[in-house]
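First the structure, in the form of structure tokens, and then the observations on it.
The values are calculated or read from the model by the stated rules, or taken from the named source; none is laboratory data. Keep in mind that this is a model prediction, so the values were computed, not measured. Positions of Cβ are generated from backbone atoms using ideal geometry, with glycine treated the same way; all protein chains shown enter the neighbour counts.
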Ligand SMILES: Nc1ncnc2c1ncn2[C@@H]1O[C@H](COP(=O)(O)OP(=O)(O)O)[C@@H](O)[C@H]1O
Ligand SMILES: [Mg+2]
């Protein structure tokens with residue numbers, strides 16, 4: 001883990017390495033102060049010599065200023081290094097995530113990726129900053145202070161050494177108990193993020209179903225869990241402070257008692273006792289700092305593991321060596337395809353069919369029967385479990401991913417517009433699309449009319465998630481965007497569900513007339529949407545129940561007949577959800 005993270009220090013090694021040096025210099029200065037302080041008291045204060053007080057005092061002042069200057073510099077340097085480090089980590093993660101396939105994303109969950117890129121990285125940044133400064137300071141301070149106090153007196157510092165085993169044992173215990181808890185706390189953060197994300201994204205649904213109470217309860221449950229876990233972890237960490245206090249007071253008492261005896265015995269001066277006392281306090285403070293560092297590193301380790309998991313994740317869909325760089329045509333062949341989502345059971349079984357280039361294929365089936373899963377295999381958003389998918393005669397695994405995906409335009413069921421102008425959204429499909437090209441794509445998608453009526457036309461700004469256009473308008477914009485890629489295969493996954501039947505018919509007519517060579521796969525709920533397709537595939541529970549024209553299926557396929565009947569008899573059941 002550490003090795004991978006250290007790679008992210010690149011560009012900031014200078015600051016990272018100089019910071020501890022500056023800290024060392026600062027510590028050295030502050031350790032020298034109590035040493036000279038002994039002289040100040042013994043030779044100046046006790047002897048009543050004002051000149052000595054002045055000269056030593058001014059030297060001490062200079063020490064203090066130098067120490068401060070080093071301190072400030074180390075603060076600046078460590079800030080530069082740690083911010084740079086965090087930026088690098090985020091940058092690397094973001095790049096990695098762009099290479100992820102859908103199943104990689106499924107593995108971490110979107111919320112999980114967000115937490116890892118935000119709070120986990122912040123925690124790492126904090127730990128990195130602290131290790132640079134404190135990790136150099138605490139041990140150095142401790143060692144210097146020990147040496148100096150032994151130089152003043154051989155016996156007195158032994159008091160401290162007696163307390164050390166107790167302290168070590170207590171700190172070890174705390175760490176061992178707290179470490180696993182912090183791991184759980186982070187996982188619990190994922191849950192909180194997931195609930196917040198779902199709620200905020202679906203706030204319209206929540207409101208329209210009046211589910212606010214339920215959502216609040218759901219949130220209460222996950223934050224309650226987070227609270228319980230955090231409290232448990234913090235309770236253990238809190239033992240740290242009383243342990244440190246007891247050690248500190250025991251040491252002080254011991255030093256005073258032994259020191260008094262030594263002074264009475266004439267082995268030591270009052271100034272020296274004060275210096276040793278000061279050093280012992282410094283040592284204990286350093287120990288306290290060390291224990292804090294350890295605790296923070298414990299947390300940082302949990303965060304680091306989670307970050308490195310993302311950085312080390314292998315995208316499971318990659319180009320093969322020497323891929324095919326061209327789609328020969330828009331034909332599709334499924335050869336005994338089985339498919340399952342990671343860890344699940346097969347949700348597609350033995351799909352075996354062929355689609356000719358330029359055909360229009362309707363796909364119909366109940367929700368959850370595997371329609372989306374099936375078409376996602378064509379642009380290789382997921383890989384098959386067994387069997388093979390061929391596009392243009394080549395196995396999709398042998399085709400260059402970029403070539404394949406730009407040749408297969410897919411309007412996803414959960415389609416998404418980005419915040420920005422309509423023009424910018426359309427240019428997602430084709431970077432250098434001219435206004436003329438955009439308008440003709442909009443025309444084909446039957447979107448030109450309402451876009452023209454919008455203030456600004458193509459310059460109309462779509463808000464995040466496309467919330468300021470209607471569902472049907474959004475769907476048509478997404479279709480237009482897909483058309484702009486001039487695909488060989490066009491897949492519409494329930495993409496006209498919110499468009500009225502008449503408009504939908506015009507869209508289909510346009511497709512037939514203006515893009516006859518493009519293979520069109522149209523997933524729909526309504527029979528009317530697929531009735532005039534060349535062939536229709538009926539999917540039931542992950543298997544193909546029938547393939548044929550409307551007439552053939554009406555004659556032979558029971559499921560198709562049932563769907564047809566429910567939609568015609570049901571009266572307004574298949575009427576458009578008006579847009
Ligand atoms: N990302 C996913 N991870 C795990 N299971 C999934 C995922 N997406 C869909 N499924 C499951 O796969 C099955 C088929 O889903 P899907 O292809 O979306 O059906 P349809 O599009 O026909 O409604 C369902 O049981 C669904 O719960
Ligand atoms: Mg679906």
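Structure summary
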read-out: Strands (runs of 3 or more DSSP E) completely within the range 279-387 that count 2 or more residues being within 16 Å of ligand 2 (Cβ to nearest atom), farther than 24 Å from residue 110 by Cβ and in contact (Cβ under 8 Å) with a residue 24 or more places away in the chain; value: 360-364
read-out: Which listed residue, of 78, 103, is assigned to a helix (DSSP H, G or I) and over 22 Å from residue 136 (Cα atoms); value: 103
read-out: Of the criteria (1) surrounded by 22 or more Cβ atoms within 10 Å (Cβ to Cβ); (2) closer than 30 Å to residue 560 by Cβ, which one residue 367 fails; value: (1)
read-out: Verdict on residue 458 being outside any strand (DSSP E or B) and either in contact with a helix residue (DSSP H, G or I) (Cβ under 6 Å, 6 or more places away or on another chain) or more than 16 Å from ligand 2 (Cβ to nearest atom) (or both); value: yes
read-out: Subset of the range 204-215 that is without any contact (Cβ under 8 Å) to a residue 12 or more places away in the chain and in contact with a helix residue (DSSP H, G or I) (Cβ under 9 Å, 6 or more places away or on another chain) - its residue that is surrounded by the most Cβ atoms within 10 Å (Cβ to Cβ); value: 206
read-out: Selection count where residues are within 18 Å of residue 263 (Cα to Cα) and in contact with a helix residue (DSSP H, G or I) (Cβ under 8 Å, 6 or more places away or on another chain), scope the range 45-56; value: 2
read-out: Any hit, the range 27-45, residues being under 29 Å from the mean Cα position of the chain (by Cα) and either touching a residue at least 60 places away in the same chain (Cβ under 8 Å) or not assigned by TED's automatic domain parsing to the domain that holds residue 301 (or both); value: no
read-out: Qualifying positions in the range 489-503 - more than 24 Å from residue 378 (Cα to Cα) and buried (at least 24 other Cβ atoms within 10 Å of the Cβ); value: 499
read-out: Residue match in the range 386-408 (condition: under 18 Å from residue 344 (Cβ atoms) and either within 15 Å of ligand 1 (Cβ to nearest atom) or surrounded by fewer than 18 Cβ atoms within 10 Å (Cβ to Cβ) (or both)); value: yes
read-out: Exclusive hit being modelled with pLDDT under 90 and more than 16 Å from ligand 2 (Cβ to nearest atom), set 481, 512, 526, 535; value: 512
read-out: In the range 533-555, the residues that are touching a helix residue (DSSP H, G or I) at 6+ places or on another chain (Cβ under 7 Å), touching a residue at least 12 places away in the same chain (Cβ under 8 Å) and not in a strand (DSSP E or B); value: 553
read-out: The range 176-197 residues that are touching a residue at least 24 places away in the same chain (Cβ under 8 Å), paired with ones that are outside any helix (DSSP H, G or I) (beta carbon under 8 Å, 6 or more apart); value: 190/109; 194/109
read-out: Flag for residue 303 being buried (at least 18 other Cβ atoms within 10 Å of the Cβ), on the phi < 0 side of the Ramachandran plot and out of contact with any strand residue (DSSP E or B) (no Cβ under 9 Å at 6 or more places or on another chain); value: yes
read-out: Search result, residues across the range 84-102 that are in contact (Cβ under 8 Å) with a residue 24 or more places away in the chain and more than 29 Å from residue 341 (Cβ to Cβ); value: 84, 85, 86, 88, 89
read-out: Test: residue in the range 111-126 that is within 16 Å of ligand 1 (Cβ to nearest atom), under 28 Å from residue 414 (Cβ atoms) and not in a helix (DSSP H, G or I); value: no
